[in-house]
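First up is the structure itself, then whatever we jot down about it.
Only the coordinates and a few stated rules stand behind these numbers; no lab work does. What you see is a predicted model, and the numbers here were worked out from it, not measured in a lab. Positions of Cβ are generated from backbone atoms using ideal geometry, with glycine treated the same way; all protein chains shown enter the neighbour counts.
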Amino acid sequence: MLCARSSRTRRNSGRGAVWALCLCLASLAAACGSDSNGGAPPAPNTGQACKSADQCYAGVKTGDLVGDAVCLDKVTGGYCTHLCTQDADCCAAAGECSGNHAEVCGPFESTGAMYCFLSCEDADLKQTTLTSADAYCHAYAGATFGCRSTGGGAKNRKVCTP
């Protein structure tokens, strides 16, 4: 896209140049940065929006997940995850996790079931230059994600959810 000043002559060329620059920058921003998650990377398999479990982990070979895929409908927009019993169950299958961001196995509210979540625990945050857990979730899960407790009593974890 090219930005050009109008061929119309202006008395105050300084003001006209500023106006043209503003229009150019606004057009460039609109053309370059419009997506559904505010410019953040898409959520990894875990945390991807869903309406049903069959929408989750599309790049993972059927049967390779350690635990059944689940779409948590208590999370706004749905949340792809899978059942687990320990942290090692999360990211165990080839293609399950993108990037080098820890996932943890934790309870979700008081359901009694354990699921994989993108972690925003203090140890994970310290491995980055980010200064807040919410900023970590925005950067690695999506603009609408924040850090919260999974709930579920003594086993709760700090995780990224929308």
Margin query: I need Leu118, Leu65, Leu130 ordered by Cβ neighbour count within 10 Å, fewest first.
Written below: Leu130, Leu65, Leu118
Check: Residue by residue through segment 127-139, which ³J(HN,Hα) values in whole Hz follow from phi under the Karplus form 6.51 cos²θ - 1.76 cosθ + 1.60 (θ = phi - 60°), with glycine and proline marked x?
Finding: 7, 10, 9, 6, 9, 9, 5, 5, 4, 4, 5, 4, 6
Notebook entry, point to check: Sequence-distant or interchain residues sharing an amide H contact under 5 Å with Gly146, placed H: which?
Noted result: Thr161
Check: segment 88-162: D in µm²/s via Stokes-Einstein (Kirkwood Rh, Cα pairs, 20 °C, 1.002 mPa s)?
Finding: 171 µm²/s
Next item on the list: Could you line up Thr111, Thr129, Thr85, Thr46 from fewest to most neighbouring Cβ atoms inside 10 Å?
Entry: Thr129, Thr85, Thr111, Thr46
Note to self: What are the ³J(HN,Hα) couplings of segment 66-72, residue after residue, when phi is run through the Karplus curve with 6.51, -1.76, 1.60 and θ = phi - 60°? Round to Hz, x for glycine and proline.
What the structure shows: 8, x, 6, 5, 9, 10, 6
Margin query: With θ taken as phi - 60° and the coefficients 6.51, -1.76 and 1.60, list the Karplus ³J(HN,Hα) couplings across segment 145-152 in order, rounded to whole Hz; mark glycine and proline as x.
Written below: 8, x, 8, 8, 7, 6, x, x
